[in-house]
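The values are calculated or read from the model by the stated rules, or taken from the named source; none is laboratory data. Keep in mind that this is a model prediction, so the values were computed, not measured. So basically every Cβ, Gly included, is an ideal-geometry build from the backbone, and we count neighbours across all protein chains shown. We work out accessible area using only protein heavy atoms, side chains counted, and drop any ligands, DNA or RNA first. Shrake-Rupley method; radii C 1.70, N 1.55, O 1.52, S 1.80 Å.
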Amino acid sequence: MMLFVNDLTNLDVSLWCPKRGLTGASWQVDVEIAGEDDEDGLLFDSGEVASWVESRLNANLNHTLLVPTQTPHLTVQECAEGLCIRTTLPYSMEVKAPRQAFTLLPWGEITLERLASYYSDALSRLPPSRVHGIRLNLHEERMEETSYYYTYSHGLKHHPGNGQRIAHGHRSKLLIWCNGKRAPELEAHWTQRLNDRYLVDTADIVENLAKDGGRQSSDRLTLGYRAAQGRFSLRLPRERCEVLPVSTSIEHIAAWLAEQIARSHGQTVRVQAFEGIGKGAIAEASP
């Protein structure tokens, strides 16, 4: 006998893709739980088991950078911060962070099917009492035909939880209204502009001196900060970044977008910016 819980939780992560580079992702989690019934014909408490599954996914996977360690042009080394991930293709990137900020996976590329199978097996090895097996299904939020989506990565150094990790991300919907009317052409423009980008808080830019005595290359950005979980740093091409004058919390992202659009179009703007699935912030601005 099996019980199921659909939309158990959402996962927000970043991952390294050998084709796209650093990209954000948000996935919904469905779970099927196999077990034995008791003398009254009742199975285990599905709510308790679902909470157990959710807590382990949040502890080990959510808000991490997923790294396929067998992909070419990628190395993993220990460093003072914890681990250092370096890549050269499709572009050069370096991330240094505490170990818990990464999920290392022994594959050449990350797929949802493989990830779901991997964690299904891991959770089934030591399941709760009377549970025989756990099977996960991970899937993206179904795209609405009239909506636009983008993926981004960021880090929030003041976040009290795992949002402080410098490379975690989301796949998000964006809705924009100008003078009270929906503006799909602006949604298309901004989601294309921000897709697969790293959103930078300008306060996190580190002006490191290069070995030759000059400042860091104008075509690359080095970011860094210390947070409660440890020290974090990230170096990547400037063209892969969008620099904001404030923290990249969803509240500030929504306000920044509204201000940018209102100023450039001379209209009153309302922005509904999602942070992954089913949550986010609304901001309004006038020219």
> If you scan segment 136-164, which residues turn out to be open to solvent by 10 Å² or more (accessible area, probe 1.4 Å), part of a loop (DSSP other than H, G, I, E, B) and modelled with pLDDT of 95 or more?
Replying inline: GLU140, LEU156, LYS157, HIS158, HIS159, PRO160, GLY161
> Where residues in segment 1-33 are outside any strand (DSSP E or B) and either in contact with a strand residue (DSSP E or B) (Cβ under 8 Å, 6 or more places away or on another chain) or hydroxyl-bearing (Ser, Thr, Tyr) (or both), which of them is most open to solvent (accessible area, probe 1.4 Å)?
Replying inline: MET1
> If you go through segment 95-116 one residue at a time, how many are under 13 Å from HIS139 (Cα atoms) and β-branched (Val, Ile, Thr)?
Replying inline: 1
> So CYS79 clears everything in (1) closer than 22 Å to CYS17 by Cα; (2) open to solvent by less than 50 Å² (accessible area, probe 1.4 Å); (3) free of Cβ contacts under 8 Å to residues at least 24 places away in the same chain except one condition, right? Which one?
Replying inline: (1)
> Quick one: which of GLU113, GLU78 is acidic (Asp, Glu), at pLDDT 95 or above and more than 30 Å from ASP45 (Cβ to Cβ)?
Replying inline: GLU78
> In segment 90-147, how many residues are touching a strand residue (DSSP E or B) at 6+ places or on another chain (Cβ under 6 Å), among the hydroxyl-bearing types (Ser, Thr, Tyr) and touching a residue at least 40 places away in the same chain (Cβ under 8 Å)?
Replying inline: 4
>> I'm trying to understand the selection: among the residues of segment 154-176, which are more than 15 Å from GLY280 (Cβ to Cβ) and in contact with a Leu (Cβ under 9 Å, 6 or more places away or on another chain)?
In response: GLY155, GLN164, ARG165, ILE166, ALA167, HIS168
>> So in segment 92-135, with the set limited to residues that are surrounded by 14 or more Cβ atoms within 10 Å (Cβ to Cβ) and hydroxyl-bearing (Ser, Thr, Tyr), which one is farthest from the chain's Cα centre (by Cα)?
In response: SER124
>> Among the residues that make up segment 28-48, is at least one of them at pLDDT 95 or above, among the small types (Gly, Ala, Ser) and in contact with a Leu (Cβ under 6 Å, 6 or more places away or on another chain)?
In response: no
> Of all residues in segment 228-263 being in contact with a Pro (Cβ under 9 Å, 6 or more places away or on another chain) and either among the polar types (S, T, N, Q) or closer than 25 Å to SER92 by Cα (or both), which is surrounded by the most Cβ atoms within 10 Å (Cβ to Cβ)?
Replying inline: PHE232
